[in-house]
1. Whether any residue in region C:111-134 is in contact with a strand residue (DSSP E or B) (Cβ under 8 Å, 6 or more places away or on another chain), on the phi < 0 side of the Ramachandran plot, polar (S, T, N, Q) and more than 16 Å from ligand 5 (Cβ to nearest atom) is what I want to check.
2. Go over the candidates B:Phe173, B:Phe163 one by one and state the one that is modelled with pLDDT under 90 and of a type outside the set (Gly, Ala, Ser).
3. Going by what's in this entry, would D:Ser117 be described as within 23 Å of B:Ala95 (Cβ to Cβ), more than 8 Å from chain B (Cβ to nearest Cβ) and small (Gly, Ala, Ser)?
4. Just give me the residues in region D:137-163 being among the aliphatic types (A, V, I, L, M) and surrounded by fewer than 24 Cβ atoms within 10 Å (Cβ to Cβ), in sequence order.
5. So if I check each of C:Leu143, C:Leu191, C:Leu153, C:Leu167, which one is more than 9 Å from chain B (Cβ to nearest Cβ) and either within 15 Å of ligand 2 (Cβ to nearest atom) or under 20 Å from C:Arg435 (Cβ atoms) (or both)?
6. Looking for whichever is at the interface with chain A (Cβ under 10 Å from one of its Cβ atoms) and touching a residue at least 40 places away in the same chain (Cβ under 8 Å) here; the options are B:Thr309, B:Thr275, B:Thr296. Which one fits?
7. Go through (1) buried (at least 19 other Cβ atoms within 10 Å of the Cβ); (2) within 16 Å of ligand 2 (Cβ to nearest atom); (3) at positive phi one by one and return the number of the condition C:Gly290 breaks.
8. Would you tally the residues in region C:170-180 being within 16 Å of ligand 5 (Cβ to nearest atom) and either within 12 Å of chain B (Cβ to nearest Cβ) or over 19 Å from the mean Cα position of the chain (by Cα) (or both)?
Amino acid sequence: MTKLLRHHLFWPVAALVVLLVANTVARPSFLAITVRDGHLFGAPIDILRTTAPLLLVALGMTLVIATRGIDLSVGAVVAVSGAVALSHLASSPNPDSPVTVLTAVGLALALCLVLGVWNGFLVSVLGIQPIIATLILMTAGRGVAMLITGGMITTVNSGPFKTLGSGFWLGLPVAAVIAFGVFAVVAFVVRRTALGMLLEATGINPAASRLSGVRSKTLTWTVYTASGLFAGLAGLLISADTMAADANNAGLFIELDAILAVVIGGTALSGGKFNLSGTLVGALVIATLERTVTVLGISPLVTPLFMALVVIVVTLLQSPRMRERLASATRRPTPPSEPQPAARPDSTEVKAR
Amino acid sequence: MTTSAPARASRALKIPTRLDRRYLPVLGTFVVLALMLILGGSRYENFLSPAVVSNLFINNAHLIVLAVGMTFVILTGGIDLSVGSVLALSTVVTATLLQAGLPPAVVIPLAVGAGTVIGLAHGVMVHYFQVQPFVATLAGMFFARGLCFVIAPESIAIDNASFVGLASWVQIFGGWRMSSGVLIALVVVGAGFLVLHFTRFGRTVYAIGGGEQSALLMGLPVARTKVLAYVVSGTCAGLGGLLFAMYSRSGYSLTGVAMELDAIAAVVIGGTLLTGGTGFVLGSVLGVLVLGLIQTIITFEGTLSSWWTKIVIGVLLLIFVVLQRALSLRKT
Amino acid sequence: MTQQTAPAVVEMTGISVEFPPVRALDGVDFRLRPGEIHALMGENGAGKSTLIKALTGIHSPTAGTILVDGVERRFTGPADARAHGVSTVYQEVNLCENLTVAENIMLGAEPRLLGGLHWPAMRRQAASHLERMGLSIDPSSSLGSHSLAVQQLVAICRATVSDCKVLILDEPTSSLDTDEVAHLFTVMRALRDDGVAILFVSHFLDQIYEVSDRMTVLRNGALVGEYATADLPAAELVQHMIGRSMEVLEAAEEVVEHAERPAAATPLLQVVGLGRKGSVQPFDLDLYEGEVVGLAGLLGSGRTELARLLTGADRADVGQTRVSGQTTRLRTPRAAMGHGIAYTSEDRKGEGVVDGLTVRENIVLALQARRGWMRPLPRKQVDELVASYIQQLGIRPADPEALLRNLSGGNQQKVLLARWLATAPQLLVLDEPTRGIDVGAKAEIQKLVADLAAEGMSVVFISAELEEVLRISHRIAVMRDRRKVAEIDGGRATMDQVVDLIAGGGTA
Amino acid sequence: SDAGGEPAGGGETDAATTDDGVITLGFSQVGAESGWRAANTKSIQDTLTAENGFDLKFSDAQQKQENQIQAIRSYITQGVDVIAFSPVVETGWDPVLQEAKAAGIPVILTDRAVDSSDETLYESFIGSDFVKEGEMAGEWVVEQYDGEGYKAVELQGTTGAAPAIDRKEGFESAVAGSDLEIIDSQTGNFTRAEGKTVMEGFLNKHDDIDLVFAHNDDMGLGAIEAIEAAGMTPGEDIKIVTIDAVKDGMQALADGKINYIVECNPLLGPDLAEIAQKVVAGEEVEKRIVVEDLAFDQESAKEALPTREY
Ligand SMILES: Nc1ncnc2c1ncn2[C@@H]1O[C@H](COP(=O)(O)OP(=O)(O)OP(=O)(O)O)[C@@H](O)[C@H]1O
Ligand SMILES: Nc1ncnc2c1ncn2[C@@H]1O[C@H](COP(=O)(O)OP(=O)(O)OP(=O)(O)O)[C@@H](O)[C@H]1O
Ligand SMILES: O[C@@H]1[C@@H](O)[C@H](O)OC[C@H]1O
Ligand SMILES: [Mg+2]
Ligand SMILES: [Mg+2]
């Protein structure tokens, strides 16, 4: 029990379960998945699809945070990516041709890669503090996206491109397949090679890492590049979802959601040890939370308050202090007076709403 | 073993008389700010007028106060993402209560106090529950914003006579103007400076940023100081809200979205390290002026489309940060 | 001077501290009397620092009582302890580098003016405290601009600022040279004569015998016994500490002392006129295979800076470097590693340990970095490698998955050594490798260095402990005022000769 | 003409004289938060040109009231002939408008009104009546579907924003008394993506949605995506009513995916030009000029579409 409570994924998973239970109570068929037109349909599938872009952004963010950095520009990069892809499609005579779509995707990803390289350059070569270095692109990036779209929302019809956002593959949403697939590959690479450890060393003690021969600068540069690339991919999924490039709103505040996902997943913003499986759960928690607001029928006026309370409860439960308390409460012969898992009342409260 | 006696003097460290390295980033900011003013002055008519400089302060008084509070938190190695929302909350509380007929003498402490209470909650979360500052204050940001909507989703005008009287107090010396908001902001800057440099609390703020573990082992009151830093920031945000309410004579729940980024950017541009321990309140004030000046330049340029505005802000920020970095690196 | 009869000012009984699953202290009793210097002895990881932290409220004991002045107390932390007259200098220098020296000394007992800090008075008072410790540095300089040794002295100044009944010094001498140590002892004796109870931890036995009145020995978290220093011969003390007889150690020392200086071939590393502006003056140095070169010098004489230029940690701006006869430039540590050159920094906390990683990860870090991220070492090989170093260096706890930050200072140092040995370098530059290491381990490290040299490795050895440098080196380079002033034969040099050179008197 | 013609150092022009007949107009736009806004900006920039006798100084406040106040102050110091702006918020303009008044610079409001006790602070307001837009949508719905027991969901604009509050109010008052029931209402933040996610949630939650009222076209377009993904036909299985009438919305209306759109006309440039000229010439102008908002059903959309400007 103690071991379970101490597991780093315990609280994020518990939060996810509580949210799902709350939804199921409000809407008993919430977890039902039906087959419609040969693909799966239902709230859980929707959640997987809406998680997809956030997951990609959070993936890059986790790696950046591991090196003690942060990337505020991801939202702007999302916007740029969508703008480039859709503008290219819109300007081409045949937006339905796979070649055009591939070119659009390629162009968008290439530009986002360059944006990532730019962030990496500012941080690792010029030594500018990450938050301010990426703030520059956060501001200017949306301007670039608007420049590309001329300030309008660019829309286009392109079957193959639309598949990215709302298509299905083997019954599953293509967006989810892509995001979870990329996530799995990156997680595999990071953990099966020495990359993870070297990133962590860089994040914990850059000076010691340098003296140990770790190419800290190159690594730092790489993670920002990766973050740009993943944000670009997320931008494609987002724009394909509605088939519109909205330079102003695409990916707005996604950096905060992504950081939150990383933190809920148990990775400290101070860098070092990171936890990709936690990030995955964190992203799912956030996507589910958004759905929960609708399903529980929470008034828009109290939605931010509700979100805040959930975040506060989850983070407090996850806090080292609470964990210790809970762990020692379960370890001891359990005196009945001890306010057992202090969490319980709060979590049922969430359910009750 | 106790062999001894090489001259003590040989071990004395020669302390260079050159400027303390800690001041370099601030100095860098100052130099680039001056350059910007000069360039602006040569490019635009009326740019270097007292009116423009006075407006720079008048328009940014609330941001100066936020930046002072933010400096405390960042010096401890933390961050406060809630200030924009808390500022909005304070404007909403001010406007709602004034509209309900309460006198300013009651309303003002309540509005500022709302910030203090939220700051205290942050401090407790950060210190006692060891929640990461970014997350604790992000939750606070959602919370304050949510509370705004619950109190008043629509914007509320303030027409309480004595409040308006206070808000519209202005002193004019030649072309220079000084509003009550600016006066309050300057007092806050002065107080922030004195507290940071002449109290144990202030020095402990620096010590915590230099190494929390070390500060703890030095027997400094880490817990109290850390919590207090967030209280200071929360209070400043509440006060900033009050200034904003005075400035705009209204309260609105959507005010100050992303203003925390401006405050953080100002502090960082002012030479404070986000890792904590190094930086100055006066630097943060310079940082605010830089951001304000960028905005002024944009307006004076007068032909930028919406997107070029964003791009130019980004580029100016970049030029600024890189120049400042170059200036502060040159001598290390 | 020892007041054997006086009632204990600190009395700890049955203290246990646990870091599950480790039991760091197990029912330890400890008594400290006014007017005595009491040494706390034990191997690395024996629990000395933990006992100190239990007393001052950083760790809360799971069992036992603590009486201070006869009153039962559980301090809430260093501030509380200090308020009750217990001042502590913890093992790693725990001051704030971003503050000035004056602040580091005075904060907490700062002079005030109109309710605010009185800066001029603060600087004055700090200066006089520094004076007492024999330091003439500017109190308004920032602490970070000073070497570790100076910082350590500043930490001690801080502890003695407020009137304390109990002064605890956890390895205060680890980075001091003989002269500083002598000065510190003078101060300690003066305080003792004023009736202050001093708890002193050091791995230097001669220092212990020189200054302490009584000692308490710990082994594996348990109390071995309390003794009057005068009644306990060193050999017996070591046996109490390590649970083995002294002979093992002496055997180890034998190997070192009888190691032959190898015949000279082409130098492995040859530098000519290497220097850096604002750092060390240009110097020449040849390093041969199988040779141990010691660097001797006073605190701040430039040994560390020289070592950093040799290993690419700092970039030289003049001079030439030849590795095995080939001219190259060592721009980064990584480049140096490519030539088989390894460097362990003296700054364990800042440039050594990656404290959030495990012992295993810390040990393989350099090796893995050299291979590149794409070629991870096979897990099996890693486990074997790590297990062998844990065993060979006696790293405790012997758990590869323990986080490095939870290891005792000495054990962290051993892990760092393992990190570099694992890369099988041709030239190993060791900056203060034995700092904070217990007698047993120190002898083993010396033996290890001798063995490595015998196998053909070239070693540069820096230590504040002159005897050690003399004992282990085939050749000694002497540094003074950031210049290399002499090079002498390690076999023939005498202590006095070296001391003279260091101080600026004699010639080679 | 800004620098050249004016006395150096003079912060204020002597009254509103324009020596060269060119009107210098400082315009402070809210930002560029939506396609609607972009069309609005374009209309203004395309109309207030040099050919038409204007020297337009334009600035984008990035949705920040403080930036807008700053810009207006700056226009005052620069001594423009007319100041026009689309206020981010309704309240909080008195101090800066008083400064403009003291400097003798007339002010024109566009798109959104200000909430001020002193009407003399501005010359004229040109814009839409958001409450009326909501009412028009509601009236059409009642006319079409009353008596069928429809269950409707509402996609609200950004919480706290004037168009969101007003359109909700207007719609609710118009449908009051009919048998249409608003079963759920969430914010979709005026964006397509959020409109889609929220609609997905509604579809997960309710099996019996008959109608969607979206506060703008974008959210309505997002809802269409969600409805289609759920295997239903927008415009038929679920009726959709929106506000704005931007091109994409009109196209969807013509395609039968949306049932009704109330226009919110962003083309305020010509009106602004006219009023500005009158104000500078000292003529009387109307205090409140509500632009005519049309409404389109599927038929009229097909007709209007080829000639839509935005
Ligand atoms: N925070 C901690 N968490 C887990 N284990 C710890 C912690 N602190 C100390 N230990 C363990 O407790 C034991 C005693 O450590 P301590 O630091 O007291 O040793 P020490 O006698 O001071 O050694 P040294 O001479 O190397 O300084 C060691 O095994 C160490 O690994
Ligand atoms: N930041 C600094 N500013 C001024 N002088 C410095 C600074 N850092 C080091 N020094 C000086 O550089 C010289 C060489 O220092 P170095 O650390 O190489 O000496 P060392 O012989 O290794 O001594 P230690 O015993 O302290 O390790 C000393 O005089 C030291 O005081
Ligand atoms: O959709 C529009 C919104 O984006 C704008 O801010 O106000 C008018 C609305 O119709
Ligand atoms: Mg120790
Ligand atoms: Mg050294």
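The values are calculated or read from the model by the stated rules, or taken from the named source; none is laboratory data. On a predicted model such as this, the values are computed, not experimentally measured, just so you know. Don't worry about glycine lacking a Cβ; one is built from the backbone with ideal geometry, like all the others, and counts go over all protein chains shown.
1. No, region C:111-134 contains no residue that is in contact with a strand residue (DSSP E or B) (Cβ under 8 Å, 6 or more places away or on another chain), on the phi < 0 side of the Ramachandran plot, polar (S, T, N, Q) and more than 16 Å from ligand 5 (Cβ to nearest atom).
2. Details: B:Phe163 fails: modelled with pLDDT under 90.
B:Phe173 is the lone residue from the list that is modelled with pLDDT under 90 and of a type outside the set (Gly, Ala, Ser).
3. Values: within 23 Å of B:Ala95 (Cβ to Cβ): yes; more than 8 Å from chain B (Cβ to nearest Cβ): no; small (Gly, Ala, Ser): yes.
When the stated conditions are applied, D:Ser117 does not pass them.
4. Keep residues of region D:137-163 that are among the aliphatic types (A, V, I, L, M), which gives D:137, D:141-142, D:152-153, D:155, D:161-162.
Correct list: D:Val141, D:Val142, D:Ala152, D:Ala162.
5. Details: C:Leu143 fails: more than 9 Å from chain B (Cβ to nearest Cβ); C:Leu191 fails: either within 15 Å of ligand 2 (Cβ to nearest atom) or under 20 Å from C:Arg435 (Cβ atoms) (or both); C:Leu167 fails: either within 15 Å of ligand 2 (Cβ to nearest atom) or under 20 Å from C:Arg435 (Cβ atoms) (or both).
Result: C:Leu153 is the single residue among C:Leu143, C:Leu191, C:Leu153, C:Leu167 that is more than 9 Å from chain B (Cβ to nearest Cβ) and either within 15 Å of ligand 2 (Cβ to nearest atom) or under 20 Å from C:Arg435 (Cβ atoms) (or both).
6. Details: B:Thr309 fails: touching a residue at least 40 places away in the same chain (Cβ under 8 Å); B:Thr296 fails: at the interface with chain A (Cβ under 10 Å from one of its Cβ atoms).
Only one candidate qualifies: B:Thr275.
7. C:Gly290 satisfies all of (1) buried (at least 19 other Cβ atoms within 10 Å of the Cβ); (2) within 16 Å of ligand 2 (Cβ to nearest atom); (3) at positive phi except (2).
8. 6
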